[in-house]
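K.L.:
Quick one: structure below, then a few questions.
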Amino acid sequence: MEEIKKLVEIMARLRGEGGCPWDKQQTHATLKPYLVEETYEVLEAIDTGSPEKLREELGDLLLQIVFHAQIAREEGHFDLEGVARAINEKLIRRHPHVFGDRRVKGVDEVLVNWERLKEDEYAEERSSALAGVPSALPALMRAQKLQAKAAKVGFDWPDLAGALSKLEEELREFLAVLAEAEPDRGRLMDEFGDLLFALVNVARFLAIDAEEALRQTTEKFCRRFRHIEEAAHTRGRRLTEMELAEMDTFWEEAKKLEKNE
């Protein structure tokens with residue numbers, strides 16, 4: 001733990017007298033984008049499969065936590081030790097099957113108990129069954145979590161067929177607006193949002209993480225598009241000089257290479 005202590009001391013010096021002007025002017029609010037960025041860089045490092053990269057990115061994320069704790073310490077609210085104490089107490093409280101005498105039969109029962117304990121902890125401060133899902137989450141992730149919350153109190157389709165039927169309904173409504181001579185942009189966005197929300201619901205029924213599914217597909221698009229760029233470069237061509245059909249040929253080539261791998 002000596003390195004953790006050293007990190008806290010470094011952060012205090014950066015924020016203190018004679019420290020770094022940039023670090024000294026930061027607040028919880030100004031650091032928000034960096035916290036989000038570092039979190040996603042950790043996810044990217046996990047995908048690379050590189051332990052060294054993961055260690056580096058986890059360090060950057062840890063720095064953000066220490067940064068926020070230092071600001072809170074200066075404001076007289078809490079410090080890093082207080083952060084650790086709070087999560088230690090929460091872990092012990094939410095694992096009575098490990099630190100207490102409760103018995104569980106498997107993972108499913110553990111998750112049920114975890115959610116019940118969470119509800120008990122926040123019962124007084126939460127006035128809605130949908131409470132507890134941060135509004136700052138990525139939209140797909142938030143939609144899926146909110147749907148799961150609603151499902152726990154019975155507001156849900158009885159099976160996948162109902163979710164699929166709703167998806168088809170929303171697609172028809174979106175296409176109907178799109179087919180208008182001059183589609184209203186507000187209605188178009190609204191119907192498209194409904195379509196996405198219904199699609200996320202289908203993902204939930206199939207136990208598919210909608211956010212992760214879209215992320216993987218986006219990465220797949222990037223890989224295949226880079227293949228097109230490399231093919232063009234090899235031929236001494238610019239993408240803007242190529243016909244769509246030619247680019248599509250290289251796209252299909254990229255798909256075949258992925259299957260072979």
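The values are calculated or read from the model by the stated rules, or taken from the named source; none is laboratory data. Everything numeric in this text was worked out from a predicted model, so none of it was measured. Note: ideal-geometry Cβ built from the backbone for every residue, glycine included; neighbour counts use all protein chains shown.
K.L.:
Going through Arg172, Arg142, Arg116 one at a time, which residue ends up being basic (Lys, Arg), in a helix (DSSP H, G or I) and closer than 30 Å to Tyr40 by Cβ?
P.N.:
Arg142
K.L.:
Continuing with the same structure: Based on what the data block shows, is Gly82 part of a loop (DSSP other than H, G, I, E, B), exposed (fewer than 14 other Cβ atoms within 10 Å of the Cβ) and among the small types (Gly, Ala, Ser)?
P.N.:
Judged against the criteria, Gly82 is not a match.
K.L.:
Mind checking which pairs have a first residue in region 1-22 that is farther than 11 Å from Leu80 by Cβ and a second that is part of a helix (DSSP H, G or I), Cβ under 6 Å, 6 or more apart or different chains?
P.N.:
Between residues of region 1-22 that are farther than 11 Å from Leu80 by Cβ and residues that are part of a helix (DSSP H, G or I), the close pairs are Leu14/Asp23; Arg15/Asp23; Arg15/Lys24; Arg15/Gln70; Gly19/Arg13; Cys20/Leu14.
K.L.:
Also, quick follow-up: Take the conditions within 20 Å of the chain's Cα centre (by Cα) and farther than 25 Å from Glu211 by Cα and apply them to Leu43. Does it pass?
P.N.:
In short, no.
K.L.:
Test Ile87 against the stated conditions and say whether it is in a helix (DSSP H, G or I) and exposed (fewer than 11 other Cβ atoms within 10 Å of the Cβ).
P.N.:
Yes; evaluated as a whole, the condition is true for this residue.
K.L.:
Would you mind stating whether Leu146 is of a type outside the set (Ser, Thr, Tyr) and assigned by TED's automatic domain parsing to the domain that holds Cys20?
P.N.:
no
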